[in-house]
Amino acid sequence: MAHFEKAHSLEEWLDQRLAIKTLRRVLAEEYWIPKNINFLWAMGMVLAFTFGILVVSGIFLLMYYQPNVDLAFDSVNYTIMQEVEFGWLWRHMHAVAASVVFLIIYIHMFTGIYYGSYKKGRELIWISGMLLFVSFSAEAFSGYMLPWGQMSYWAGMVITNLFSLGSLELNGLVEWIRGDYVPGQAFLTRFFMLHVFLLPLVIMALIGLHFGTLRIPHVNNQDGEEIDFDEEAKKYLAGKTKEAKVIRFANDFLSKDMFVVSIFLIFYFYLVFWHFDFAMDPINFDPADGLKTPPHIYPEWYFLWSYEILRPFPKDPGLVAFGFAQVIFFLLPFLDKSPNVAPASRRGIFAVWFWVLLLDMIVLTVMGKLPPQGIYSTIGLVAAVVFIALWILLPFITKKEKAV
Amino acid sequence: MADSSRRDFMGKVFGGWAALGGLGALYAAKKTWDPLPSVKAAGFTKVDLSAAEPNVLNVEKWRGKPIFILKKTPEMVAKQSEEETARDVVVGKDHFLVCIGLCTHLGCIPAYRPDRHDFKCACHGGEFDVSGINTLPPPPSPMVIPPFKIEGTTIVLGEEGPEYKKMKEAGVIA
Ligand code: FES
């Protein structure tokens, strides 16, 4: 056994048993962050914080929610909203956080694309981030089912129907996923389990992985500059903090992170108290009814772009396009053939690619919300084709790129 | 050497057992997710057709799904093509449309338009004629005819009667 001495403080006592000083040094004090990064790099911390809010508010909701097809709707819309003191607060916090978390994820993703933070050495950061995006999507979808309103039911119907895989008509598979011929009790309890246990667990594990993937390649910076972190860290530790290109993660960079988080929280609580309804679909305030479809089915805003890619095509090609949209972002590090790690603005035609992609996804989002008729269908179709074309073009565009 | 081969052997035996156990667990998990017997048993519905009014859509519930039952007027029947008539459920002299009222695109419920004698799916704009055949994309196929059996003027949903089997043989039902 190791040798233990009498500790003079709790910290020392713990340090002898848990090595907390080493841990703090490795994870916080000597985890080096480049100096030239802007507020967009704080989105990771904003996301971690929002996830925390979701977990805590979710725990409070869980204490009164009833995962039963006859009770679920009232347990949310009556018990939690009317009877439980401050129940409305947890619900609005949960619903708004679930929505804005996607806004921040998209900003985080597009920051990564803009600055080339997925390039050589950082592929796993990108891939683990995309896995997080997918699990957050599943988490959001399963949560959307729980109030058992009309949109919950019909979104569940439509999305599970996708698993019949078009003309393959795998209806047995769909019934197996639902545990019923239509979304029913088995379906609700299943998604309840996914939402409150399995998926949060997966998300937490992936957050751990995502942080882990950062430790060796280190975080990218505004110029895409390759920094010798050991060298710069030495300078910093030698007291030449002005010269060094890096700072400590804690508490130096963390203070900036938390500053951005606090600005974000102002925006977030403004929504929670005054505009919580933006995160809620009015149709979901009707209880689920299997014999009545809402006239117009659409998902939450953050899924609209991929939904719109599915919609304008015939069934099978639509599914293929939809599948394409789901996986293609994963391949970004391998489709971008250019060696440059630099902001898009310095990468010539890639800058055009970036802004067209962003605009195209906004157009898809808007069209996804509008009814699929006339000119909207046409615009949607064009935007969907542009989306696919952009990704096919990417390797060719970036191959020709000159080194900067 | 003898030692390491003994460890190899133990490793292989363990691997074999683990694979077997894993398969068993997978099978159990698959079965756990299957619809419950009570869900399956509730899968029959009887509907009396004698009270049906022509050109008025009745919606019944079977296995949680809406079932469209529409009595056609003689004029509607006269105008139909052979393909359409082949899908009719005939009780006495009356022709009925009987189908699962879910759009074959993504499963929304199309609305009946009695003046135009067709169904419109508001979700993505699909259309079906009065025999449930898709006439305007995106729906890729006609609305599904559920298994049925005719007993006098009642129709039993969930059971395959001779009329249903005949339709199946004729290739009307996939
Ligand atoms: S669900 Fe009917 S057209 Fe899409």
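Once the Cα atoms are used to define both axes, helix B:2-33 deviates from the longest principal axis of chain B by about 20 degrees.
Over chain A, what is the mean sequence separation of C-alpha contacts under 8 Å (at least six apart), divided by residue count, expressed as relative contact order in percent? All intermediate terms of the calculation are to be shown ahead of the outcome.
Numbers: 461 pairs, mean separation 93.4, N = 404.
Computed over chain A, the figure is 23 percent.
Roughly what % of Cα-Cα distances in region B:18-174 sit above 28 Å, to the whole percent? Here the tail beyond 28 Å accounts for 27 percent of pairs.
The residue list B:17, A:253, B:152 was ranked by how far each Cα lies along the charge dipole of the protein assembly as shown toward its positive end, using unit charges on Cβ atoms, and A:253 comes out on top. Mean residue ellipticity, 222 nm, helices only, chain A: the sum of -39500 (n - 2.57) across DSSP H runs of n ≥ 4, divided by residue count and rounded to 500, is -19000 deg cm²/dmol.
Comparing mean-square fluctuations of A:267, A:73, A:330 from a GNM of chain A with C-alpha springs under 10 Å, the top value falls on A:267.
Fewest to most neighbouring Cβ within 10 Å: what's the order for A:391, A:148? All intermediate terms of the calculation are to be shown ahead of the outcome.
Details: A:391 17, A:148 26.
Ordered from fewest to most neighbouring Cβ atoms within 10 Å, A:391, A:148 come out as A:391, A:148.
Within the straight-line cut-off of under 17 Å between alpha carbons, the aspartates and glutamates reachable from residue A:21 are A:5, A:11, A:12, A:29, A:30, sequence neighbours fewer than 8 places apart in one chain being disregarded.
Computed with the Debye formula from one identical point scatterer per Cα of the protein assembly as shown, without solvent, the log10 of I(q)/I(0) at q = 0.06, 0.07, 0.10, 0.11 Å⁻¹ comes to -0.43, -0.57, -1.02, -1.16. The DSSP beta bridges internal to region B:40-169 are antiparallel in roughly 95% of cases. Which loop trypsin sites (Lys or Arg not before Pro) in region A:174-257, with loop taken from DSSP, have no more than 14 other Cβ atoms within 10 angstrom of their Cβ? Qualifying residues, ordered by number: A:240, A:242. Note on residue A:316 and residue A:269: the extension gain reaches 12.6 nm, defined as 0.36 nm multiplied by sequence separation minus the Cα-Cα distance.
Here the dipole of chain B is about 760 debye; that uses its Cα centre as origin and unit charges on the Cβ of Lys and Arg (positive) and Asp and Glu (negative). The distance linking region A:144-164 with region B:1-51 is 27 Å (Cα centroid to Cα centroid, whole angstrom). Applying the Karplus relation 6.51 cos²θ - 1.76 cosθ + 1.60 with θ = phi - 60° to region A:358-368 yields 3J(HN,Hα) values of 4, 4, 4, 5, 5, 4, 4, 4, 5, 5, x Hz, where x marks Gly and Pro. Rounded to the nearest 20, the Cβ-based charge dipole of the protein assembly as shown about its Cα centre (Lys and Arg +1, Asp and Glu -1) stands at 1380 debye.
Values quoted throughout were computed directly from the atomic coordinates according to the rules given, and no laboratory measurement underlies them. These numbers come from a predicted model, not from an experiment. Because the Cβ atoms are built from the backbone with ideal geometry, glycine has one as well, and the counts that use them run over all protein chains shown.
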